[in-house]
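**Student:** My questions all concern the structure below.
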Amino acid sequence: MTTRRRATVKSLTMPKLARSPARGARLHPHRLPERHLSSETTTDGVPRWMVKAGGWSWRLLVVVAVVALLVWATAEIQLVFIAVFLALVFASVLRPFVNWMDKVMPRAAATALSILGAVLVIGGMVTYVVSSVTGQWETLSDEFTVGINELFNLAEDLPFGISITADQLREWSETGLQWIRENQSELLDRAAQGAGSVFETFAILALATFCTVFFLARGDEMWRWFINQLPARVRSQWLTAGGVGWYTFSGYARGTVIIALVDGVLALIVLLIAGVPLAAPLAVLVFIGAFIPLVGAPAAMVIAMIVALAINGPLNAVIVGIAIALIGQFEGHVLQPLVMGKQVSLHPVAIALAVTSGTLVAGILGAVVVIPIVAVIWAVYAKLRTVDPPMQEVDEPDVVPRS
């Protein structure tokens, strides 16, 4: 009886079902053969290095196309771009003063006082330069003519058997006058274009001032409004990128203004001690040239050397040149690291290549704006990227050729 009951129960036992994937079924992955991973070609016979190179190539082409489109669009609205860039520069320089005065007065009043003070400072500098040039122009023109004649006399007795005769100088001057007569219409057209650029300059300054007022008074609100228009998943990245970008741009703008002021003051002191006329206008020229990296300030100082050479003679020009070289060394080794620090961390080679590229694309304007743009792009990229641990230095193994 017991045996029969066990047989019945055994016959009624349900067969085991396979475990469903939802309950954690055991999956057995199938490994690809090793020759599939180590193969140097794909299934269609194309080398793998060529496939990777093709992928990188079309990505680079897309990046170049986007950059070219941005450059073209900027060139089409160049006036607006310059105005906004100047407004950002003005805002970065004046913002510390506005924040300081905001503690004791409304922000609108602090913004108005800051802009008014900047206008008075710049207007005073321009007025002083114009008045000094006007008061010394007649005397300087006579001294400059005498100095040029002395240089012509020195040119006739140059070392190494080189000489420039008065006939050659007269021939060159006649050639220059002849070229002016032949291109008189073109020169008049350029003068008319220059008159038109004066109105563009006033329009740019007006638009830049208008934008600066809002950047200083409601810049935080404008940035918050822009962030709120973005999807929530990317807002933190945009906040990080915007903070790093503004930190870098404002540091570069304020640092450049400080360095330009120091260069101008030092150049003014040197020129006054050396007795070079038009010291104040030349110092202002050095101040303006400092905004063009690498080449602006040296070019302005070379003009000061030429003035010293023509009016005070070669010895005075040599003294001015040595002093100018010392100012350049002081700027590069003391002012740049002290004022800008790590806010603008670009290699000198990168700066030289960027300035050259900007000059080729947009002239002097490109040379002025390219460095802050490159610095901001690099700062944002360095902040958002994921950096692998650095490679440690290892000794190269000795390779012994087999016999």
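The values are calculated or read from the model by the stated rules, or taken from the named source; none is laboratory data. No experiment lies behind these values; they were computed from the predicted model shown. Cβ coordinates were reconstructed from backbone atoms using ideal geometry, including for glycine residues, and neighbour counts include every protein chain displayed. Remember, those area values only see protein heavy atoms, side chains included, never the ligands or the DNA or RNA. Shrake-Rupley method; radii C 1.70, N 1.55, O 1.52, S 1.80 Å.
**Student:** What net charge is computed for the residues neighbouring Val213, neighbours being all others with C-beta under 13 Å from the C-beta of Val213, Lys and Arg scored +1, Asp and Glu -1?
**Tutor:** +3
**Student:** Run the simple label-point estimate for Arg385 and Val265 please: 7 Å along Cα→C-beta, distance reported in nm.
**Tutor:** Once both label points are built, they end up 3.8 nm from each other.
**Student:** On full extension of the chain, what length is gained from Ala352 through Ala108, given 0.36 nm per residue of separation minus the C-alpha to C-alpha distance?
**Tutor:** 83.8 nm
**Student:** Something else: Using a cut-off of 13 Å between beta-carbons, work out the net charge of the residues near Trp238 (Lys and Arg +1, Asp and Glu -1, Trp238 not included).
**Tutor:** Charge balance in the 13 Å sphere: +4.
**Student:** Quick one: if you stick a label point 7 Å off each Cα along the C-beta vector at Leu70 and Phe210, how many nm between them?
**Tutor:** Those two pseudo-labels are separated by 2.6 nm.
**Student:** Could you check the spin-label model distance between Ala232 and Leu120? Points 7 Å from the Cα along Cα→Cβ, value in nm.
**Tutor:** 5.0
**Student:** Let me ask something else. Kindly report the accessible area of region 58-110 per residue (heavy atoms of protein chains, probe 1.4 Å, no ligands, DNA or RNA), in Å².
**Tutor:** Normalised by residue count, the accessible surface of region 58-110 is 69 Å².
**Student:** Run the accessible area of region 212-330 with a 1.4 Å probe and give the carbon-and-sulfur part as a rounded percent.
**Tutor:** Taking all protein chains in place, region 212-330 shows 75 percent carbon and sulfur surface.
**Student:** Between Trp100 and Val51, what FRET efficiency follows from the Cβ-Cβ distance if R0 is 56 Å, with the result rounded to 0.05?
**Tutor:** Calculated transfer efficiency: 0.40.
**Student:** Between Gly275 and residues 5 or more places away or on another chain, which pairs have amide H atoms under 5 Å apart, with H built 1.01 Å from N, and which residues are they?
**Tutor:** HN-HN under 5 Å from Gly275: empty list.
**Student:** Find out how many positive minus negative residues lie around Val286, taking Lys and Arg as positive, Asp and Glu as negative, among other residues whose Cβ is under 13 Å from that of Val286.
**Tutor:** -2
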